[in-house]
Amino acid sequence: MSFINISLNNFNGPLDLLLYLIGKAQIDIKDIFISKITEQYVQTVYINENENMDTIGDFLAMAARLIEIKSKALLPKDDLEEDTEEEKRLLIIQLEEYKRFKLVCEQLNKYENDSLQQYTKLTEEIILPPQEYVLIDHSIKSLCSAIFKLIERRLIYNQKTIHSKNIKQLSKETITIKQGIVQILKNIKSGTFLLSDIDGYKTNKEHAVTFFIAVLELLKLGRVKTKQNGIFNSIKIQRNEKING
Amino acid sequence: MDNRRYNLGCIMESVLFVSGEAISINDIADGLNISIAETEQVIIELMDYYIRNNRGIRLKKFGNKVQLHTYIENAKYIENVMQPIQKQSISSKTLEALAIIAYKQPVTKNEIEQIRGVKSDYSISSLLAKGLIANIGTKDTVGNPILYGTTDAFLSHFGIDNLSALPPLLPLEELNINNE
């Protein structure tokens, strides 16, 4: 028999192979047990026994199931019969259900092939023109005042940075964290005070950073308590009485 | 009014051209500040226009999205002129698992394997990687297995508008007739 000389790799699973054999024999799915299908199936699996376990595992399980049904049918009629009928019924249902999907897969295959021939393209990379400013609702007066404000701000900025124009200067550290700590501790002797009240905190960026680190350090040491009523509000600093007292 | 429709079709064509990839009808309606119903109407007219005028560009709708694509009969000419990157078709084993998910969703791995009669881990992970199916929840039974369902990419891959446009599963009585 030539049709048993087939590779299991061509089948999607044991049900697929069974349907193939049923189709070959031109019988109804329901007649599977009164045919030679079981023998043909077992033989096909047998000649493929050198396949790896991953491929053949599910096929072997089905072979065992078919042989079990067949062998039970050979036994003299008794309680087993009902059991066997149920197993047969279940396999037939499974085969029929599988076949429905098998048929629909052929349809889907056509759909897929059609769809794969419809080319689409990726999104264009389009650079949009810069946003235009609408100046309709403004008078010349308001434009002038806006420009004066801008010039004024620029002048102040220039005055501040006139010496450091183009040349970046690394200034010597004018205050160390240690000094910052000493100064904070001196300040809190007189009770609660705001971090922003420290000399130089508002005017000098370096001082601000140093004092802030000093506060963090004191917090870590448990020497002070801090309080801030909401984001961006001033930070209140207070002596931590529990430890110092 | 007709003029307005014509203009909207014209605008939408440009939008779809630039978009290239599938774009949701809601996004178009929002962007053009028109109702979804009107957007859908214009889309249908545009689809129809391409067909009636035998254009090389066509419009497809799947799920809630629309996308321009080339006319199917022109594929061979496109391939002659240039070498476009073709999307890969799905293997028959994986397609089997996908078909079961499409019709039975939401469905667990175990239920898929029950119908196919084989382990389906590889098929499922490959479908997940392709984005054709997605994890859409867990089943309320022992072990809470993952439930799978199809995605918009699935509809697009098969060129269907929505799940009800899937080819019908044959009723059991007709199975053996079909066998001949």
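The values are calculated or read from the model by the stated rules, or taken from the named source; none is laboratory data. Since we're looking at a predicted model, the values are computed, not measured. Glycine gets a Cβ as well: all are built from the backbone with ideal geometry, and neighbour counts include every protein chain shown.
Among the conditions (1) assigned to a strand (DSSP E or B); (2) surrounded by fewer than 19 Cβ atoms within 10 Å (Cβ to Cβ); (3) touching a Leu at 6+ places or on another chain (Cβ under 8 Å); (4) not charged (D, E, K, R), the only one that B:S89 does not satisfy is (1).
Have a look at A:N10, A:N5, A:N50 and point out the one that is closer than 18 Å to B:G117 by Cβ, modelled with pLDDT under 85 and not hydrophobic (A, V, I, L, M, F, W, C). Step through it out loud before you land on a result.
Details: A:N5 fails: closer than 18 Å to B:G117 by Cβ; A:N50 fails: closer than 18 Å to B:G117 by Cβ.
Unique residue meeting the criteria: A:N10.
For segment B:82-93, what are the residues that are more than 17 Å from the chain's Cα centre (by Cα) and more than 8 Å from chain A (Cβ to nearest Cβ)? Spell out how you get there, then give the answer.
First, the residues of segment B:82-93 that are more than 17 Å from the chain's Cα centre (by Cα): B:82-85, B:91-93.
Across segment B:82-93, the qualifying residues are B:M82, B:Q83, B:I85, B:S91.
Picking from residues in segment A:4-25 that are at the interface with chain B (Cβ under 8 Å from one of its Cβ atoms) and either polar (S, T, N, Q) or not in a helix (DSSP H, G or I) (or both), the one that is farthest from A:Y46 (Cα to Cα) is A:N12.
Among the residues making up segment B:93-111, those that are more than 20 Å from A:Q118 (Cβ to Cβ) and in contact with a Cys (Cβ under 7 Å, 6 or more places away or on another chain) are B:E96, B:A99. Please tell me if A:K160 is at pLDDT below 85, away from chain B (no Cβ under 14 Å), in contact with a helix residue (DSSP H, G or I) (Cβ under 8 Å, 6 or more places away or on another chain) and assigned to a helix (DSSP H, G or I). No: the conditions fail for A:K160.
Name the single residue that is farthest from A:Y111 (Cα to Cα) among those in segment B:124-136 being assigned to a helix (DSSP H, G or I) and without any contact (Cβ under 8 Å) to a residue 40 or more places away in the chain.
Going residue by residue through segment B:124-136, those that are assigned to a helix (DSSP H, G or I) are B:124-130.
Pick out the ones that are also without any contact (Cβ under 8 Å) to a residue 40 or more places away in the chain and you get B:124-129.
On the way: B:I124: 21, B:S125: 22, B:S126: 20, B:L127: 17, B:L128: 20, B:A129: 21 Å.
Ranking the qualifying residues of segment B:124-136, first place goes to B:S125.
I'd like the full set of residues that are at pLDDT 80 or above, among the β-branched types (V, I, T) and farther than 24 Å from A:Q228 by Cβ, limited to segment A:163-197. Listed by number, the list holds a single entry, A:T176. Being among the polar types (S, T, N, Q), within 23 Å of the chain's Cα centre (by Cα) and either assigned to a strand (DSSP E or B) or more than 13 Å from chain A (Cβ to nearest Cβ) (or both) is not true of B:N144. Among the residues of segment B:92-123, those that are polar (S, T, N, Q) and assigned to a loop (DSSP other than H, G, I, E, B) comprise B:Q105, B:S120. Being within 14 Å of another protein chain (Cβ to nearest Cβ) and either among the polar types (S, T, N, Q) or part of a helix (DSSP H, G or I) (or both) holds for only one residue in B:D27, B:D48, and it is B:D27.
Let's see how each residue does on (1) closer than 30 Å to B:Y103 by Cα; (2) in contact (Cβ under 8 Å) with a residue 40 or more places away in the chain:
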site	(1), (2)
A:L8	yes, yes
A:N12	yes, no
A:I22	yes, yes
A:K36	no, no
A:E68	no, no
A:K72	no, no
A:L91	yes, yes
A:Q94	yes, yes
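In this structure, is B:E21 of a type in the set (D, E, K, R) and over 17 Å from the mean Cα position of the chain (by Cα)? Working first, answer last.
On the way: of a type in the set (D, E, K, R): yes; over 17 Å from the mean Cα position of the chain (by Cα): no.
No; evaluated as a whole, the condition is false for this residue.
Filtered by the rule that a residue be at the interface with chain A (Cβ under 8 Å from one of its Cβ atoms), surrounded by 19 or more Cβ atoms within 10 Å (Cβ to Cβ) and of a type outside the set (A, V, I, L, M), segment B:94-129 gives B:E96, B:R116, B:G117.
If the requirement is being more than 7 Å from chain B (Cβ to nearest Cβ), over 43 Å from the mean Cα position of the chain (by Cα) and within 30 Å of B:S91 (Cβ to Cβ), which of these qualifies: A:L66, A:L90?
On the way: A:L90 fails: over 43 Å from the mean Cα position of the chain (by Cα).
Only one candidate passes the filter, namely A:L66.
Each residue in segment A:26-54 was checked for being part of a helix (DSSP H, G or I), within 12 Å of chain B (Cβ to nearest Cβ) and surrounded by fewer than 17 Cβ atoms within 10 Å (Cβ to Cβ), and 4 pass. Applying the condition of being at the interface with chain A (Cβ under 10 Å from one of its Cβ atoms) and not in a helix (DSSP H, G or I) to segment B:63-81 and asking which residue is surrounded by the most Cβ atoms within 10 Å (Cβ to Cβ) yields B:L68. Note on segment A:227-245: residues that are closer than 26 Å to A:E173 by Cα and loosely packed, with under 13 Cβ neighbours inside 10 Å total 0.
Filtered by the rule that a residue be surrounded by 17 or more Cβ atoms within 10 Å (Cβ to Cβ) and either of a type in the set (S, T, N, Q) or in a helix (DSSP H, G or I) (or both), segment A:191-226 gives A:L195, A:H207, A:T210, A:F211, A:A214, A:V215, A:L218.
For segment B:168-176, does any single residue satisfy the condition of being within 24 Å of A:E96 (Cβ to Cβ), within 10 Å of chain A (Cβ to nearest Cβ), modelled with pLDDT of 85 or more and in a loop (DSSP other than H, G, I, E, B)? Yes; the residues of segment B:168-176 include at least one that is within 24 Å of A:E96 (Cβ to Cβ), within 10 Å of chain A (Cβ to nearest Cβ), modelled with pLDDT of 85 or more and in a loop (DSSP other than H, G, I, E, B).
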